[in-house]
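Visitor: Before anything else, here's the structure in question.
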């Protein structure tokens with residue numbers, strides 16, 4: 001479902017975990033990826049996986065809380081063509097609503113860019129968040145994938 005969005009541009013993998021989603025994006029054509037996770041073990045795993053795939057030169061890895069990381073990226077005026085959001089399911093709804101609002105309000109997603117949100121099946125995200133519009137929402141067993149696009153500039 002998300003394969004077509006892995007073409008050129010820059011990526012943010014905000015709740016990176018093992019880095020699998022961001023590494024997949026890099027391997028399919030994304031030029032660079034910023035990986036963020038708050039857990040020390042996750043950061044070590046991301047570094048190991050990047051070394052194994054020889055993708056370190058296309059990556060930046062940060063250990064930080066997701067909201068603090070978004071605020072730091074806003075300060076740096078960073079923008080991304082693809083943002084991957086896969087928070088722990090127990091906190092997903094609130095984390096994503098807050099994160100999507102920040103991403104929209106501060107233009108972290110480029111016009112025409114895509115956000116991929118992975119949540120539990122029971123999580124319901126809004127259709128529109130500022131400049132972001134949900135363009136697709138699919139259930140895969142106990143997992144929901146929601147795709148947002150930024151349709152216009154601020």
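Visitor: Give me the extension gain from residue 67 to residue 135: residue separation times 0.36 nm, minus the current Cα-Cα distance, reported in nm with one decimal. Kindly include the intermediate steps, with their values, before the conclusion.
Guide: Numbers: separation 68, 0.36 × 68 = 24.48 nm, distance 2.42 nm.
Length gained, residue 67 through residue 135: 22.1 nm.
Visitor: Still on this structure: If you stretched the chain out fully between residue 151 and residue 56, how much longer would it get, using 0.36 nm times the residue separation minus the C-alpha to C-alpha distance? Spell out each step's value before the answer.
Guide: Values: separation 95, 0.36 × 95 = 34.20 nm, distance 3.15 nm.
Residue separation times 0.36 nm, minus the Cα-Cα distance, leaves 31.1 nm.
Visitor: Return an integer: the convex hull volume of the alpha-carbon atoms of region 3-150, in Å³ per residue.
Guide: So the per-residue Cα hull volume is 101 Å³.
Visitor: Let's test the formula: R0 of 30 Å, r as the Cβ-Cβ distance of residue 74 and residue 127. What FRET efficiency results, to the nearest 0.05? If you can, show how the numbers build up before the last one.
Guide: Working: r = 24 Å, r/R0 = 0.80.
Plugging the Cβ-Cβ distance into 1/(1 + (r/R0)^6) gives 0.80.
Visitor: Normalising by the residue count of region 20-109, find the relative contact order in percent from Cα pairs under 8 Å and 6+ residues apart.
Guide: Over region 20-109, the number comes to 27 percent.
Visitor: With Rg and the Kirkwood Rh both taken from Cα atoms, where does Rg over Rh land for region 68-129? List each step's numbers first, then the result.
Guide: Working: Rg = 11.6 Å, Rh = 12.1 Å.
Radius of gyration relative to Kirkwood radius: 0.96.
Visitor: Fewest to most neighbouring Cβ within 10 Å: what's the order for 117, 11?
Guide: On the way: 117 23, 11 28.
By the 10 Å Cβ count, ascending: 117, 11.
Visitor: Sticking with this structure for a sec: How high is the relative contact order of the chain, in percent, with contacts defined as C-alpha pairs under 8 Å that are six or more residues apart? Before the final figure, lay out each step's value.
Guide: Details: 316 pairs, mean separation 29.6, N = 154.
Answer for the chain is 19 percent.
FYI, it's all coordinate maths here, none of it is from the lab. Nothing here was measured: the structure is a model prediction, and the numbers come from that model. Using ideal geometry, Cβ is built from the backbone for each residue, glycine included, and neighbour counts are taken over all protein chains shown.
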